[in-house]
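For reference, the structure is listed below as structure tokens.
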Amino acid sequence: MMHDVIIVGGSYAGLSAAMQVARARRKVLVIDAGQRRNRFSETSHGFLGRDGHAPGAIASEAQGQLLAYPTVEFISGAAIAASGEIDAFRVDLADGSTVEGRRIVLATGVEDVLPDVPGLAAQWGIGAMTCPYCHGYELNRGRIGVLASGPMSLHQAAMLPEWGQTTLLANGVFDPADPQLADLAERGVAMEFATVAAVEGEPGSPVVVLSDGRRLPMDGLFVATRTRIVTPLPQMLGCAIAEGPQGPYVATDAMKATTVPGVFACGDVASPMASVAISVGHGALAGAAVHRSIIFPQTVAKAA
């Protein structure tokens, strides 16, 4: 069976893209491996109409709404390879099966790579997070630690006093220059230069243990993680990869077309900025654009 669109990734961006295609009465296949990036978080914030809801519940309800459309098929499984060209793409699945489609939308997401600090992973998504807009308000202007992981941590620390009493934990990653220290001080950010030995405490109540034995209870920790693309599919298809401040992502134009004709990308895999709201918006753009590329094939071109 030749699908009009194959969407690899069935989280917020992929489901949003699929909805646009389904509402155009086109045959759309969604392939999802079930590894949402925010699966560690108990609640999602900042998405209009669903603020404070469980991330899994949002995705599950969206999937149910999508499957009400008769032209939609959903496969729970991993896509392990992709090849072909416009109007003749092929995607191989981990179970040995193969599907074909005229267009592909990559919505596979990314993976967060945490600093190698004992105990940090146990807090991830609960007491340690990356986005203040998603999780800062709930800290009630409490004690916030920023665990340095690279240059982006300076920007993150300068932002966070909006949400609480902020301490930048340099952790030996970098030594801020005097102008940077002055900027942080002006924003009310405290500095801690001792190395972080571990993160302890119950999930949601992190305690930073320093190398000199001091213990700093925090209401929340923020980390500017590195990210990595979780699948080789973009490279297999020949998509150009851009380098963002936190890691690589698939390069697209404003309508989410990649550098390969007929291949689109949306969500975290195609943006250096991440949130449920942004992913849903970019997915809607990609879905509309991929549909238009089918009905107006003469407009299909490589992304700039």
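Any residue in the stretch 85-107 that is crowded, with 17+ Cβ neighbours inside 10 Å, of a type outside the set (A, V, I, L, M, F, W, C) and at positive phi?
No, the conditions are met nowhere in the stretch 85-107.
With the condition kept exactly as written, say whether any residue in the stretch 96-103 is assigned by TED's automatic domain parsing to the domain that holds Gln235, part of a strand (DSSP E or B) and in contact with a helix residue (DSSP H, G or I) (Cβ under 6 Å, 6 or more places away or on another chain).
Yes; the residues of the stretch 96-103 include at least one that is assigned by TED's automatic domain parsing to the domain that holds Gln235, part of a strand (DSSP E or B) and in contact with a helix residue (DSSP H, G or I) (Cβ under 6 Å, 6 or more places away or on another chain).
From Val189, Val207, which residue is in contact (Cβ under 8 Å) with a residue 24 or more places away in the chain and under 29 Å from the mean Cα position of the chain (by Cα)?
The conditions single out Val189.
In this structure, is Ala170 small (Gly, Ala, Ser) and over 28 Å from Arg36 (Cβ atoms)?
Values: small (Gly, Ala, Ser): yes; over 28 Å from Arg36 (Cβ atoms): yes.
Answer is yes for this residue.
Report, ordered by the first and then the second residue, all pairs with beta carbons closer than 6 Å, sequence separation of six or more or different chains, a first member in the stretch 86-105 that is in contact (Cβ under 8 Å) with a residue 12 or more places away in the chain and under 15 Å from Gly238 (Cβ atoms), and a second member that is hydrophobic (A, V, I, L, M, F, W, C) and surrounded by fewer than 21 Cβ atoms within 10 Å (Cβ to Cβ).
Val91/Val99
Is there a residue being among the hydrophobic types (A, V, I, L, M, F, W, C) and either free of Cβ contacts under 8 Å to residues at least 12 places away in the same chain or assigned by TED's automatic domain parsing to the domain that holds Gly150 (or both) anywhere in the stretch 44-65?
Yes, the conditions are met somewhere in the stretch 44-65.
What's the number of the condition Asp116 fails, among (1) over 19 Å from Tyr12 (Cβ atoms); (2) not in a loop (DSSP other than H, G, I, E, B)?
Of everything listed in (1) over 19 Å from Tyr12 (Cβ atoms); (2) not in a loop (DSSP other than H, G, I, E, B), Asp116 misses just condition (2).
Of all residues in the stretch 95-123, which are small (Gly, Ala, Ser) and under 23 Å from the mean Cα position of the chain (by Cα)?
Correct list: Ala107, Gly109, Gly119, Ala121, Ala122.
Which residues, taken from the stretch 261-275, are of a type outside the set (A, V, I, L, M), in contact with a strand residue (DSSP E or B) (Cβ under 6 Å, 6 or more places away or on another chain) and part of a helix (DSSP H, G or I)?
Answer for the stretch 261-275, where residues must be of a type outside the set (A, V, I, L, M), in contact with a strand residue (DSSP E or B) (Cβ under 6 Å, 6 or more places away or on another chain) and part of a helix (DSSP H, G or I): just Asp268.
Hey, any hits in the stretch 8-16 for a residue that's buried (at least 17 other Cβ atoms within 10 Å of the Cβ) and either without any contact (Cβ under 8 Å) to a residue 40 or more places away in the chain or over 15 Å from the mean Cα position of the chain (by Cα) (or both)? Outline the logic, then answer.
Restricting attention to the stretch 8-16, the residues satisfying the condition of being buried (at least 17 other Cβ atoms within 10 Å of the Cβ) are 8-16.
When the remaining residues are screened for being either without any contact (Cβ under 8 Å) to a residue 40 or more places away in the chain or over 15 Å from the mean Cα position of the chain (by Cα) (or both), the result is none.
No, the stretch 8-16 has no match at all.
Taking only pairs six or more apart or across chains, which ones have beta-carbon atoms under 8 Å, a first residue in the stretch 276-296 that is in a helix (DSSP H, G or I), and a second residue that is surrounded by fewer than 20 Cβ atoms within 10 Å (Cβ to Cβ) and of a type in the set (Val, Ile, Thr)?
As it stands, the answer is Arg292/Thr299; Ser293/Thr299; Ser293/Val300, since those pairs meet every condition given.
Would you list the strands (runs of 3 or more DSSP E) that sit entirely within the stretch 151-206 and hold 2 or more residues that are touching a strand residue (DSSP E or B) at 6+ places or on another chain (Cβ under 9 Å) and closer than 20 Å to Leu114 by Cβ?
Of the strands (runs of 3 or more DSSP E) lying wholly inside the stretch 151-206, those with at least 2 residues that are touching a strand residue (DSSP E or B) at 6+ places or on another chain (Cβ under 9 Å) and closer than 20 Å to Leu114 by Cβ span 165-169, 196-200.
The values are calculated or read from the model by the stated rules, or taken from the named source; none is laboratory data. On a predicted model such as this, the values are computed, not experimentally measured, just so you know. Methodologically, a virtual Cβ is constructed for each residue, glycine included, from the backbone with ideal geometry; neighbour enumeration extends over all protein chains shown.
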